[in-house]
Amino acid sequence: MPPTVVSRLRLPTLTRALGLLPAPLADVAPAAVLCGAMLVERFGAAARIGDRMPLALALTGLLAAAVAARRRAPLAAYLLATLALAVEAQAVAPSPISPYANLLGAYAAGRYGGRGRAWWGPPLVVVGVVGYFAGQDVEAVMPAGVLAVWLAVWAFGWAGAYRLAEQAAERRRARAELLAEERNRIAREVHDLVGHSLNLMLVQAGAARRSIDRTPERSRELLVEIERTGTDALGELDRVLGLLRGTAPQPPPGAPENDPGVAELPRLAERMTQAGLAVVLHRDTPPLPPEQDRCAYRVVQEALTNALRHSGAGHATVRIVGRDDGTLIEVADDGSGPPPGHRPGRGLTGIAERAARLNGTARHGPGPDGGFLVRVVLPTGDGR
């Protein structure tokens, strides 16, 4: 193999240029260019080739075909090119252009051969170099240099394939993490919406049932509140399902967000009070960023729902206070507190996940004066 072949290699530049072409053209274009160059060289050396010209032309066609098939059948194409190049060197005459076809095949064997089959490339390279130089009167440094370059080109292709495989695996992992996070987010939203509304409606329905004979007017008020709670829940559920389907209407510019925030807490406290849990709301904080605003509402909603449903509390206090280290959200009730061996359910887990998503912290457990306490601290800013 002539030294000029090795000294003039510009494979990275060539492969980058080919990567910009459509796949069929990237396969055929190098084959056509090399085939034309090899034919010009072969006909230019006709006197030296003599009556071996038909064999030389056939080998040129095989080398060009191997280049065209190097991505679809990389190992088979490289084996074909290696055999054709060895036969050309031994039976016709060494060509200064034909080795380029074999070099492209070495790169393709590493780049497109696959993680397992690509390792057949180095043994084929060794066999090809031995077959090419067999019987030729050359110094040992020539085959060694060519072998080093061909192995380096194969390794360059294999490294590119490995890098792309790692990037694809990383994208799959990131996609899986994103899907898991989205599933958790949807689960939190549906739990907060359906769980809160159903629990509130159950408590209201129970109160209406117990008071229907003694105070029909109070029962009527509770039934009206159940209807309002169900209507609001259906509206929010329709919004969530619209987001999942991608059909949720976009609010006009300047309109408030559909997701409830701290501004809706007085209404939430009123509904809880009507259901039998007297809520006192204290707020001393500037307007919160949108993410924190929604998080604060959901934390309070879930904590009050738990107090109403599970603790037997009659009173609850909600505090939202701005501090130097962030925003404190605290919900305390006067109920029975956590039972022995208490383990957080979906609601408390959702609170912790919401806080962690904004780099905040969440704690829950017995209050200092009894009952149950939920405390969340969100860092200053949006926490992201």
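Whole-Hz ³J(HN,Hα) for each residue in the range 137-145, computed from phi via Karplus 6.51 cos²θ - 1.76 cosθ + 1.60 with θ = phi - 60°, x for glycine and proline: what do you get?
Calculated HN-Hα couplings, in order: 8, 10, 6, 4, 5, 5, x, 5, x Hz.
Which order do the peptides 76-87, 334-345 take when ranked by the mean count of other beta-carbon atoms within 10 Å per residue, highest first?
Most protected by this proxy first, the peptides run 76-87, 334-345.
Checking the a/c ratio against 1.5 first, then a/b against b/c, what shape does the Cα gyration tensor give for the range 138-179?
Prolate, because a/c is 1.5 or more and a/b exceeds b/c.
Order these peptides, 225-234, 163-172, by their mean beta-carbon neighbour count within 10 angstrom, highest first.
So the order, starting with the most tightly packed, is 225-234, 163-172.
With label points built 7 Å along Cα→Cβ from the Cα atoms of ARG185 and HIS315, find their separation and express it in nm.
Result: 4.0 nm between the two label points.
Using the C-alpha atoms of the range 253-384, what convex hull volume per residue, in cubic angstrom, is computed?
110
Obtain the nm distance between the two label points defined at LEU237 and LEU223 by a simple spin-label model: each point lies 7 Å from its Cα along the Cα-to-C-beta direction.
2.1
Do you know the relative contact order of the chain, to the nearest whole percent, from alpha carbon pairs under 8 angstrom that are 6+ apart?
Relative contact order, the chain: 10 percent.
Net charge near ALA66: determine it from the other residues with C-beta under 13 Å of the C-beta of ALA66, scoring Lys and Arg +1 and Asp and Glu -1.
With Lys, Arg at +1 and Asp, Glu at -1, the neighbours total +1.
So what are the radius of gyration and Dmax for the Cα set of the range 326-384, in Å?
That works out to 12.3, 37 Å for Rg and Dmax.
If R0 is 51 Å, what FRET efficiency do you get for HIS282 and ALA165 from their C-beta distance, rounded to 0.05?
Result of the calculation: an efficiency of 0.35.
Can you check what the Kirkwood hydrodynamic radius comes to for the range 35-88, Cα pairs only, in Å to one decimal?
11.4 Å is the Kirkwood radius here.
With the radius of gyration and the Kirkwood radius both derived from the Cα set of the range 92-194, what is their ratio Rg to Rh?
1.40
Probe radius 1.4 Å, ligands and nucleic acids ignored: give me the carbon and sulfur share of the accessible area of the range 34-100 as a rounded percent.
Using a 1.4 Å probe with all protein chains present, the range 34-100 comes out at 75 percent carbon and sulfur.
Just the Cα atoms of the range 70-129: what Rg and Dmax do they give in Å?
11.2, 36
With the contact rule set at Cα under 8 Å and sequence spacing of 6 or more, what percent relative contact order holds for the range 302-384?
With pairs under 8 Å counted, the relative contact order is 32 percent.
Please report how far the C-alpha centroid of the range 176-209 lies from that of the range 32-110, rounded to the nearest whole angstrom.
Taking the Cα centre of each part, the range 176-209 and the range 32-110 sit 69 Å apart.
What ³J(HN,Hα) values, in whole Hz, does the Karplus curve 6.51 cos²θ - 1.76 cosθ + 1.60 give for the range 59-69 when θ = phi - 60°, with x put for Gly and Pro?
5, 4, x, 5, 5, 5, 4, 5, 5, 5, 9
Find the accessible area per residue for the chain; the probe is 1.4 Å, ligands and nucleic acids are left out, and the unit is Å².
With all protein chains present, the chain gives 53 Å² per residue.
Quick check: convex hull over the Cα atoms of the chain, volume per residue in Å³, rounded to an integer?
229
The values are calculated or read from the model by the stated rules, or taken from the named source; none is laboratory data. All values derive from a computational prediction rather than experimental measurement. Please note: Cβ atoms are built from the backbone with ideal geometry, for glycine as well, and neighbour counts cover all protein chains shown. Surface areas here come from the heavy atoms of the whole protein model, side chains and all, with no ligands, DNA or RNA. Shrake-Rupley method; radii C 1.70, N 1.55, O 1.52, S 1.80 Å.
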